[in-house]
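Here is the structure we will look at.
The values are calculated or read from the model by the stated rules, or taken from the named source; none is laboratory data. Keep in mind that what you see is a predicted model, and the values were worked out from it rather than measured. Quick reminder, even Gly has a Cβ in these numbers, built from the backbone with ideal geometry, and neighbours come from all protein chains shown. Note: areas computed on protein heavy atoms with side chains; ligands, DNA, RNA excluded. Shrake-Rupley method; radii C 1.70, N 1.55, O 1.52, S 1.80 Å.
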Amino acid sequence: MQAFDAVAFGAFRAAGVADAAHYLAPGADAEVPCTVMLDEAVEQFTADDVAPIATSIDRITLQLAEVAPRTGGVVRIDGTGRRLKLVQKIRADESTAVWEVASA
């Protein structure tokens, strides 16, 4: 699965859907290069709400073959210099992890 995702992320990056970035783990001194997909202003609903009200978040997808993301880690998007702090893991599988992010 990781090999497939690496090829897919490469194709997404070539198409402008994914970004080259660097990840800095909490307490680390050096950034690690990675490829990420950033989704901005994603509407979130909770299934428990009687009258659901959407809130929006930014989220980022990382490849686990490239990095081991942890709460408080920071992703720097190479093209823009934007820095995003990992706030909460939304979901993950053996190949990718999706995190809620906030400006760092």
Point to revise | Single unsatisfied condition, Arg70 versus (1) free of Cβ contacts under 8 Å to residues at least 24 places away in the same chain; (2) in a loop (DSSP other than H, G, I, E, B); (3) open to solvent by 80 Å² or more (accessible area, probe 1.4 Å) | key: (1)
Revision key, fill the gap. So, first residue over 16 Å from Leu64 (Cα atoms) in the range 92-104, second residue acidic (Asp, Glu), Cβ within less than 7 Å, six or more apart or across chains; the pairs are Val101/Asp58
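Somewhere in the range 9-32, is a residue surrounded by fewer than 18 Cβ atoms within 10 Å (Cβ to Cβ), touching an Asp or Glu at 6+ places or on another chain (Cβ under 8 Å), outside any helix (DSSP H, G or I) and touching a residue at least 40 places away in the same chain (Cβ under 8 Å)?
To start, the set of residues in the range 9-32 that are surrounded by fewer than 18 Cβ atoms within 10 Å (Cβ to Cβ) comprises 10-17, 20, 22, 25-32.
Now restrict to residues that are touching an Asp or Glu at 6+ places or on another chain (Cβ under 8 Å): 13, 20, 22, 32.
Next, only the ones that are outside any helix (DSSP H, G or I) stay: 20, 22, 32.
Going one step further and asking which of them are touching a residue at least 40 places away in the same chain (Cβ under 8 Å), we end up with 20, 22.
Among the residues of the range 9-32, at least one is surrounded by fewer than 18 Cβ atoms within 10 Å (Cβ to Cβ), touching an Asp or Glu at 6+ places or on another chain (Cβ under 8 Å), outside any helix (DSSP H, G or I) and touching a residue at least 40 places away in the same chain (Cβ under 8 Å), which makes the answer yes.
Here is a yes/no grid of residues against (1) at pLDDT 95 or above; (2) more than 14 Å from the chain's Cα centre (by Cα); (3) surrounded by 15 or more Cβ atoms within 10 Å (Cβ to Cβ):
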site	(1), (2), (3)
Ala41	no, no, no
Asp49	no, yes, no
Ser56	no, yes, no
Val74	yes, no, yes
Gly79	no, yes, no
Leu86	yes, no, yes
Ala97	yes, no, yes
